Each structure stands twice: as structure tokens, then as C-alpha cells.
């Protein structure tokens with residue numbers, strides 16, 4: 001099957017326009033789409049959150065020549081390719097192995113049923129979970145009710161549901177909570193703290209949270225759960241894989257970088 005045909009099916013499910021519209025409305029940078037096209041018929045696809053050496057090796061071992069990633073294989077312009085550089089090494093290996101790459105980043109974060117919504121559902125949100133930063137057909141950031149429970153119990157549930165070993169928890173775990181603000185990836189900033197406070201959330205959940213944001217959140221009365229970036233998005237990306245893998249017309253598999261779980 002041709003790469004363009006597979007990409008059309010991916011784009012129909014999580015259109016790149018979501019990324020473009022989110023950036024136009026809220027700023028930021030992205031580079032989603034077909035990022036490496038080796039011009040070969042596609043024999044199979046490996047889905048992976050990251051454009052990693054592990055994902056490339058999984059594709060090589062299984063004879064598949066397409067990587068479908070969440071995080072862009074090329075995020076900013078590359079001025080040189082050198083095997084001594086981690087990104088250069090990955091790009092050269094992909095090209096030398098004939099492995100094409102499709103990356104779908106903010107469009108997957110913002111899509112209905114995408115990584116941001118699925119993080120909220122993994123935490124315990126249910127029903128309609130409208131985004132805080134809305135665009136047509138999706139958006140980013142959720143504030144939602146969860147069953148009333150001790151904060152420690154909520155954290156234990158997240159650790160198990162997201163299959164993660166690493167989590168920073170700030171706040172008294174015996175206190176009850178029933179409303180959470182979550183932002184997948186590195187999306188928790190000062191505005192997120194302000195939104196959470198206005199909505200009456202008691203817990204802020206995200207990844208890669210800056211120290212000053214954690215301080216402001218705690219002084220605002222919020223408890224904070226800082227996940228790894230990987231854990232906050234791998235859960236939802238795997239759900240998307242299960243949806244798309246039967247629709248692409250080629251054999252598919254999912255790769256996890258175990259050291260990041």
C-alpha cells in the first residue's frame with residue numbers, strides 16, 4: 001500500500017487541521033504529517049509514542065517500513081545530519097533502512113478521544129469531557145469530576161491505570177478530592193493553574209511541570225500530580241493505535257520504550 005493512502009486514513013481519523021487550528025488559536029509550534037517518505041510500498045506499521053531507536057529496531061526486526069509516532073520525528077529544522085548526534089543517528093537509520101515516518105502530535109492531543117481526553121478518562125473522568133481550550137472538533141485541557149476519594153487512592157489508581165512507575169505527588173494523601181484538572185504532556189502553566197482554581201478543582205495533573213507552576217499551584221490550594229510525559233500520553237496513543245491498526249490495510253504493532261514507562 002502507498003504511504004499517501006495510509007496517511008489519508010490516519011488524517012481522516014485525527015486530521016492535521018486540528019494542530020493547525022490549535023496553533024492559530026493558542027500559539028505554539030508543531031510539525032505533524034508525513035515527515036520521512038522513503039518512496040516505498042508500505043509493508044507494515046509500528047506505532048510508537050516517540051521516534052526512538054527502540055521503535056526503529058522494532059520496525060527493522062519485523063520487516064515493517066513505517067513508523068507512526070506521536071512526537072514529531074523532526075520538530076524544528078535540522079541543520080546537519082551526523083551519526084554522533086542522537087537525532088541525526090535516528091534520521092539516518094530510518095533513511096538507510098527505508099523506514100518512512102508519519103507523526104501526529106497536537107492533532108492527537110486535541111482530537112475527540114485523543115491523548116488529552118484519554119488521560120482524563122484514565123484518571124477517572126466520565127461522560128462528556130469538554131476541553132478548556134476549544135477548537136472546532138476538539139481541544140485541549142480537561143476539568144472534571146471524579147468519584148470522591150482520598151487523594152492517595154486517586155494517585156494509586158492513576159499509577160495502575162497508566163502503568164507507570166514514576167510519579168511525583170504533592171499534597172496530603174488522606175484528604176478527599178472530587179474534581180481534577182488534567183493537561184496531557186507539558187501543558188500545565190500559570191493559565192492552567194488559574195483555570196483549575198476558578199473551576200474549583202482540587203488536583204492538577206500534568207507532566208514536565210515547571211517548579212514555579214508547582215509552587216503557585218500548591219499555594220493556591222491545589223494538590224499536584226506530576227506524571228512522566230510518556231505516561232501522560234502513551235495510554236491515549238495506544239488506544240488510538242487499537243482504533244487505527246485495523247483500518248490501515250497493513251500489519252501493525254505497538255512499540256513501548258520500557259525504560260520510559
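The set of residues in region 65-90 being out of contact with any helix residue (DSSP H, G or I) (no Cβ under 8 Å at 6 or more places or on another chain) and either within 22 Å of residue 238 (Cα to Cα) or crowded, with 21+ Cβ neighbours inside 10 Å (or both) consists of 71, 72, 75.
Residues that are within 22 Å of the chain's Cα centre (by Cα), free of Cβ contacts under 8 Å to residues at least 60 places away in the same chain, under 30 Å from residue 53 (Cα atoms) and not in a loop (DSSP other than H, G, I, E, B): does region 153-162 have at least one? The answer is yes; a qualifying residue exists.
Yes or no, residue by residue, for (1) free of Cβ contacts under 8 Å to residues at least 12 places away in the same chain; (2) under 20 Å from the mean Cα position of the chain (by Cα); (3) not assigned by TED's automatic domain parsing to the domain that holds residue 45:
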site: 63; (1), (2), (3): no, no, no
site: 71; (1), (2), (3): no, yes, no
site: 80; (1), (2), (3): yes, no, no
site: 91; (1), (2), (3): no, no, no
site: 99; (1), (2), (3): no, no, no
site: 102; (1), (2), (3): no, yes, no
site: 117; (1), (2), (3): no, yes, yes
site: 120; (1), (2), (3): no, yes, yes
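Inspection of region 233-250 finds no residue satisfying the criterion of being in a strand (DSSP E or B) and within 19 Å of the chain's Cα centre (by Cα). For region 107-115, the criterion of a residue being within 18 Å of the chain's Cα centre (by Cα), surrounded by fewer than 20 Cβ atoms within 10 Å (Cβ to Cβ), in contact (Cβ under 8 Å) with a residue 60 or more places away in the chain and not in a helix (DSSP H, G or I) is satisfied by at least one position. For residue 47, the conditions (1) farther than 25 Å from residue 21 by Cβ; (2) in a strand (DSSP E or B) all hold with the exception of (1).
Condition check for residue 143 on (1) under 18 Å from residue 207 (Cα atoms); (2) more than 20 Å from the chain's Cα centre (by Cα); (3) part of a strand (DSSP E or B): one failure, at (2).
Residues in region 127-140 that are surrounded by 18 or more Cβ atoms within 10 Å (Cβ to Cβ), in contact (Cβ under 8 Å) with a residue 40 or more places away in the chain and either not assigned by TED's automatic domain parsing to the domain that holds residue 188 or not in a strand (DSSP E or B) (or both): 132 only.
The values are calculated or read from the model by the stated rules, or taken from the named source; none is laboratory data. Note that this is a predicted model, so its numbers are computed, not measured. Cβ: placed from backbone, ideal geometry, glycine included. Neighbour counts: every protein chain shown.
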